[in-house]
Amino acid sequence: MRTQPFSVPAELASLLEGLPEPHILIDEQYRILAANTAYRRQFGPQEEVVNRKCYAVSHHFTQPCDQAGETCPRTQALLSGQVQRVLHLHHTPQGEEYVQIELTPVRSSGNRPVFFIEKMAHQPLAKPLPSPEGLVGRSPAFRYMLGLVARVAPSQASVLLLGESGTGKELVAHALHRASQRAHRPLVPVDCSSLPESLFESELFGHEKGAFTGATQARPGLVESAHGGTLFLDEVGDIPLAQQVKLLRLLETGTYRRVGSTELRHADIRVVSATHRHLAQMVAEGRFREDLYYRLGTFPIHLPPLRERREDIAPLAQALLE
């Protein structure tokens, strides 16, 4: 690891070098004091980065991020003294890429942050430039939404995607799944708007042979198919009120029964739901259960319509053409 002639504690420099992820050490003036091998390999293989300003290396800016329309984690950490996490668009040898930043302040004996350790991780959730698949965008509204996705994806929290039709809710659901610890297991979509009320329970939970007329053999439901993975409830606002209690029981207890069975089954799933409807208004009108609304909406994410992200029209159009 290369460092400039500055009194960087040897223990701190050694710690950075031993970390497998890209890390840099910066001071209060945004100056990079040290960069470990992983950082130089991924972000600066062709040029020296030590002794340069972090915003010049990462963004090619001539001024700090917060003066150029970005959220600056160093500024926030200096004010709060706490770890800060943000999603940034960085210049890399492979072009511009989304990078997840985790910045940790290092305090002096006077309890004031004097160094900042910055950890970086490539974030493959989206592309800032035209791409034939996945999420595409770089507008402020899109980047704010993507930051929320990046924050919640590794957790087990239920996510509620809110937005008008055509805003890409299913694409975001797939991105959440790919960035989760369940990515090696299936993502099972459920189109709630197309399920008749009479078949909702059977489709979701499965049924046993003879449970009803036409049930000539046992059949697993979509919940069972999603075991270990993600259950994506699309247009969850269209679930009939009478059926909502059955979904609530699944979310509250993590258990369910096939139609026609008394056996209690365990569901190891993460639930992502989406709707274009105003669920809070539906709750107020008595058309959607309040307890189910809060169970589904542990982490709500609003997806901006295209009129709020006009900068993305050109790259989206090119991606669609490709």
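The values are calculated or read from the model by the stated rules, or taken from the named source; none is laboratory data. Predicted model only: the values in this text are computed from it and were never measured. A quick note on method: Cβ atoms are made from the backbone with ideal geometry, for glycine too, and the neighbour counts reach across all protein chains shown. Ligands, DNA and RNA are stripped out before the accessible areas are found, and what is left, the full protein with its side chains, is counted by its heavy atoms. Shrake-Rupley method; radii C 1.70, N 1.55, O 1.52, S 1.80 Å.
Those residues that are within 34 Å of the chain's Cα centre (by Cα) and among the aliphatic types (A, V, I, L, M), I need them from segment 196-228; list them, please.
Correct list: L199, L204, L222, V223, A226.
List the residue pairs whose Cβ atoms are under 7 Å apart, where the first residue sits in segment 173-191 and is under 29 Å from P240 (Cβ atoms) and in contact (Cβ under 8 Å) with a residue 12 or more places away in the chain, the second is of a type in the set (D, E) and surrounded by 19 or more Cβ atoms within 10 Å (Cβ to Cβ), and the two are 6 or more positions apart or on different chains.
Correct list of pairs: P189/D234; V190/D234; D191/D234; D191/E235.
Does V99 qualify as being open to solvent by 40 Å² or more (accessible area, probe 1.4 Å) and closer than 23 Å to A179 by Cα?
So V99 fails the test.
If I filter segment 226-239 for residues that are open to solvent by 30 Å² or more (accessible area, probe 1.4 Å), over 15 Å from V159 (Cα atoms) and either outside the structural domain of S194 (by the TED database) or of a type in the set (A, V, I, L, M, F, W, C) (or both), do I get at least one hit?
No, there is no match, as no residue in segment 226-239 is open to solvent by 30 Å² or more (accessible area, probe 1.4 Å), over 15 Å from V159 (Cα atoms) and either outside the structural domain of S194 (by the TED database) or of a type in the set (A, V, I, L, M, F, W, C) (or both).
Which count do you get for residues in segment 113-126 that are open to solvent by 50 Å² or more (accessible area, probe 1.4 Å) and either over 11 Å from L89 (Cα atoms) or free of Cβ contacts under 8 Å to residues at least 12 places away in the same chain (or both)?
Selection size over segment 113-126: 2.
Among what's in segment 264-322 and is of a type in the set (A, V, I, L, M, F, W, C), touching a residue at least 12 places away in the same chain (Cβ under 8 Å) and in a loop (DSSP other than H, G, I, E, B), pick the residue that is surrounded by the fewest Cβ atoms within 10 Å (Cβ to Cβ).
Filtering first and then ranking leaves A267.
Being under 13 Å from the mean Cα position of the chain (by Cα) and crowded, with 18+ Cβ neighbours inside 10 Å narrows it down to one residue among A173, A157, A141; which is it?
A173
Out of the helices (runs of 4 or more DSSP H) lying entirely within segment 1-110, which hold 1 or more residues that are in contact (Cβ under 8 Å) with a residue 40 or more places away in the chain and in contact with a Cys (Cβ under 9 Å, 6 or more places away or on another chain)?
In segment 1-110, the matching helices (runs of 4 or more DSSP H) lie at 54-59, 73-80.
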